[in-house]
Amino acid sequence: PGQVTIDMQDYMTKMVEEFPFKLTKSVPTPAAENVFSVDESSPAVDQERSEIFHTFVAKALFACKRSRCDLQVAVAMLCTRVKNPTEEDWKKLLRMMEYVKSTLGDVLTLRAENLSVIKWYVDASFAVHPDFKSHTGVAMTYGSGVPIAMSRKQKLNTRSSTEAELVGVDDGINLVLWTKLFLEAQGFEITENKVFQDNQSAILLEVNGKRSSSSRTRALNIRYFFITDQVETGNVSIEYCPTKLMVADFF
């Protein structure tokens, strides 16, 4: 009683139908390679399209947090542009909506290999935003399919890809720890909570803490000391994953 079940395919269909502009193309991805670029000279859209932009970014945000995690990178960037969207931003929204229309039949399929082992993939793209901040991608799986994903602009500037990877794990660590506690509260025995990364230097910092560091900022010290503490208490383990197998690279 009081609960509402939402059919996400029906939700996505209505989202396309309610979009007041024609969607004529079929595109293979929700965002192009220039997804993080910002053209400061691009003119602002009119008030009508600004409101439409805000509405449909919000709709996509709801969808990507429930079943359409493939939209997360595009939505993460569009969310940073809802205050004053430009013509360039509008084109990015159109592309995402064209992708949604092209993939209305897509469904999220999940399969578990071992309910006692949680696998997390964490990756970062170094200095990809106009202000040279990096971007974090996180994906959780039990075997195949991603029930939990994150795609987020990092909140501080880093000086190397290793630092960006470290901040990326810190961005996702609360979710990693909360998920383990949540599943244990449901009666599942979690024997392993693995975080996979493709940067060996970042792994050394996270596992060894100060022993593997040089001079660092206070903010980064706090991050790797917290992660190292979680490794030592057994709440999480850090393992290497080759870049070609890094699922979070998608995000």
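The values are calculated or read from the model by the stated rules, or taken from the named source; none is laboratory data. Since the structure is predicted, the reported quantities are computational estimates derived from the model, not experimental observations. Heads up, the Cβs are rebuilt from the backbone with ideal geometry, glycines too, and the neighbour counts pull from every protein chain shown. Just the protein is used for accessible areas: all its heavy atoms, side chains included, with ligands, DNA and RNA removed. Shrake-Rupley method; radii C 1.70, N 1.55, O 1.52, S 1.80 Å.
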| On Cα atoms only, tilt of 47-64 relative to the major axis of the chain in degrees | 40
| message | Using a Debye calculation, one point per C-alpha and no hydration shell, please list log10 I(q)/I(0) for segment 109-251 at q = 0.17 Å⁻¹ in order. | response | -0.90
| remark: Semi-axes (Å, rounded, descending) of the ellipsoid equivalent to segment 82-131 per its C-alpha gyration tensor are 32, 21, 8
| message | Can you compute the label reach from Thr243? Point 7 Å from Cα along the Cβ direction, backbone N cut-off under 16 Å, restricted to segment 168-208. | response | 197-203
| task | Quick one: compute a quarter of the convex hull surface over the Cα atoms of the chain and quote it in nm². | result | 15.7
| request: Report ³J(HN,Hα) in whole Hz for each residue of segment 137-149, in order, from the Karplus equation J = 6.51 cos²θ - 1.76 cosθ + 1.60 where θ = phi - 60°; Gly and Pro get x. | output: x, 9, 9, 10, 8, 9, x, 9, x, 10, x, 10, 9
| Under 20 Å from the 7 Å Cα→Cβ point of Asn114, by amide nitrogen: which residues of segment 131-172? | 139-148
| Relative intensity, log₁₀ I(q)/I(0), of segment 110-166 from a Debye sum that treats every alpha carbon as a point, q = 0.13, 0.18, 0.22, 0.29 Å⁻¹ | -0.40, -0.63, -0.76, -1.05
| field | Computed over segment 70-143: relative contact order in percent, which uses C-alpha pairs under 8 Å that are six or more apart | value | 24
| request: Using only the alpha carbons of segment 132-212, determine the length spanned along each of the three principal axes and report them from longest to shortest in whole angstroms. | output: 42, 28, 20
| query | For segment 102-251, what % of the accessible area comes from carbon and sulfur atoms, probe 1.4 Å? | reply | 53
| remark: Once normalised by the length of the chain, the mean sequence separation of its alpha carbon contacts under 8 Å that are 6 or more apart gives a contact order in percent of 18
| query | Can you give the helix-only mean residue ellipticity at 222 nm for the chain, where every DSSP H stretch with n ≥ 4 adds -39500 (n - 2.57) and the sum goes over all residues, rounded to the nearest 500 deg cm²/dmol? | reply | -13000 deg cm²/dmol
| Separation in nanometres of the label points that stand 7 Å from Cα toward Cβ, at Arg159 and Asn208 | 1.8
| task | Subtract the Cα-Cα distance of Ser144 and Arg66 from 0.36 nm times their separation in residues, and report this length gain in nm to one decimal. | result | 26.4 nm
| request: Let me know the whole percent of all Cα-Cα pairs from segment 48-163 that are separated by more than 20 Å. | output: 51
| remark: A chain fully extended from Ala44 to Asn235 at 0.36 nm per residue, minus the present Cα-Cα distance, gains in nm 64.0 nm
| message | If Rh is defined by the Kirkwood formula over all Cα pairs and Rg also comes from Cα, what ratio Rg/Rh do you get for segment 148-191? | response | 1.13
| Considering amide H positions built from the backbone, and no H for Pro or chain starts, which residues 5 or more places from Glu239, or on another chain, come under 5 Å of its amide H? | Val195, Phe196, Gln197
| request: Above 19 angstrom, tally the Cα pairs of segment 1-56 and express them as a % of all pairs, no decimals. | output: 56
